[in-house]
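Colleague: Below is a structure I'd like to ask you about.
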């Protein structure tokens, strides 16, 4: 870095995650995400950290978008694999959550990500879609896909989640 190169900066704010979780405990997953989409409940801190937006929530499916930025980059000048993984973990887990009744939560047990091609700022907005493929009493399975505006596939994931009652 040279002395004349401008320093890039980023700042953001978020809401108390404990208050968000308390709201989530009171309603089914579909109602929780609908309230979030309507602005009645703030998004979780990870949404601000990653700069991602929810686009669509329906039972068993959730879609987030992200516009790649330099702060997502790895040392090679492409989007870091952890950003792919975080985005895919989010849509898979939230798709499961959107399918759950009130008083039921989930936690991710595993996430298997396949990176197919790099993403850069030039890629433009990408979309991550999570779809529940199995919802049982104790476990759930979901698949995730990241695509660009033309539908080109950049990464996929499978996730298994443990489903459990709260308290």
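Colleague: Please determine whether any residue of region 109-129 is over 21 Å from residue 49 (Cβ atoms) and in contact with a helix residue (DSSP H, G or I) (Cβ under 8 Å, 6 or more places away or on another chain).
Modeller: No.
Colleague: Would you list the helices (runs of 4 or more DSSP H) that sit entirely within region 1-75 and hold 2 or more residues that are in contact (Cβ under 8 Å) with a residue 12 or more places away in the chain, at negative phi and touching a strand residue (DSSP E or B) at 6+ places or on another chain (Cβ under 7 Å)? Before the answer, list the steps.
Modeller: Working: elements: 17-25, 29-37, 45-50.
In region 1-75, 29-37 are the helices (runs of 4 or more DSSP H) which contain 2 or more residues that are in contact (Cβ under 8 Å) with a residue 12 or more places away in the chain, at negative phi and touching a strand residue (DSSP E or B) at 6+ places or on another chain (Cβ under 7 Å).
Colleague: Regarding residue 98, is this residue under 25 Å from residue 23 (Cβ atoms) and touching a residue at least 60 places away in the same chain (Cβ under 8 Å)?
Modeller: On the way: under 25 Å from residue 23 (Cβ atoms): yes; touching a residue at least 60 places away in the same chain (Cβ under 8 Å): yes.
Taking the combined requirement at face value, the residue satisfies it.
Colleague: Only one of these is modelled with pLDDT under 95, touching a helix residue (DSSP H, G or I) at 6+ places or on another chain (Cβ under 7 Å) and farther than 25 Å from residue 71 by Cα: 24, 34. Name it.
Modeller: On the way: 34 fails: touching a helix residue (DSSP H, G or I) at 6+ places or on another chain (Cβ under 7 Å).
Result: 24 is the single residue among 24, 34 that is modelled with pLDDT under 95, touching a helix residue (DSSP H, G or I) at 6+ places or on another chain (Cβ under 7 Å) and farther than 25 Å from residue 71 by Cα.
Colleague: Determine which single condition residue 92 fails, assuming it passes every other condition in (1) free of Cβ contacts under 8 Å to residues at least 12 places away in the same chain; (2) within 15 Å of residue 146 (Cβ to Cβ).
Modeller: (1)
Colleague: Also, I was wondering about something else. Give 147, 131, 158, 86 a once-over and let me know the one that is assigned to a helix (DSSP H, G or I), farther than 21 Å from residue 23 by Cβ and either within 12 Å of the chain's Cα centre (by Cα) or modelled with pLDDT of 95 or more (or both). It would help to see each step written out before you state the result.
Modeller: Numbers: 147 fails: assigned to a helix (DSSP H, G or I); 131 fails: assigned to a helix (DSSP H, G or I); 158 fails: assigned to a helix (DSSP H, G or I).
Of 147, 131, 158, 86, the one residue that is assigned to a helix (DSSP H, G or I), farther than 21 Å from residue 23 by Cβ and either within 12 Å of the chain's Cα centre (by Cα) or modelled with pLDDT of 95 or more (or both) is 86.
The values are calculated or read from the model by the stated rules, or taken from the named source; none is laboratory data. A quick note: this is a predicted structure, and the numbers were derived from the prediction, not measured. All Cβ positions, glycine included, derive from the backbone under ideal geometry; neighbour counts span all protein chains shown.
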